[in-house]
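What follows draws every value from the coordinates through simple rules; no lab data is involved. The shown structure was predicted, so the numbers you read here are calculated from the model rather than taken from an experiment. Every residue, glycine as well, gets a Cβ built from its backbone with ideal geometry; the counts of neighbours run over all protein chains shown.
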Amino acid sequence: MSFEEYLVGKKIDPALFRAGDPELWSSWERDFAQQHPASFTAQKLYLINAVRRKYHLKASEAPMTPADTGQAAAKPAAKPAARPIVRPKPKM
C-alpha cells in the first residue's frame, strides 16, 4: 500500500495535502515508509482527523465500496431457529 492509497482510504485528498502543507506531507510520507499502516494510524490518530477536515476527499473521488453502490455484501448463512425457552409459571 502506498502513502497516497492510504490517504485516499482515510478520505484525505493527496494532491491537496501535498500542495497545502509540503513539510507535513514529507514527514508523514517518510514515517509511513518506515512503519506498518496500523502503527502509523495509531501514532497520528488525532492529527489525521485535523488533516482530513482540511484536505477532505470529495465523495466522487473516493473508491466505491459495495455499500456505496447499493449491492448487498455476501450475507452469512442463516442460523437455525432457536428453541423457545419454557419457564414454569409461578404458583400462587
Quiz item: Mind checking which residues of region 1-42 are over 15 Å from residue 57 (Cβ atoms), under 19 Å from the mean Cα position of the chain (by Cα) and in a helix (DSSP H, G or I)?
Solution: 28, 29, 32, 37, 38, 39, 40, 41, 42
Self-check item: Filtered residue count, region 17-30, keeping only those that are within 11 Å of residue 6 (Cβ to Cβ) and in contact with a helix residue (DSSP H, G or I) (Cβ under 7 Å, 6 or more places away or on another chain)
Solution: 1
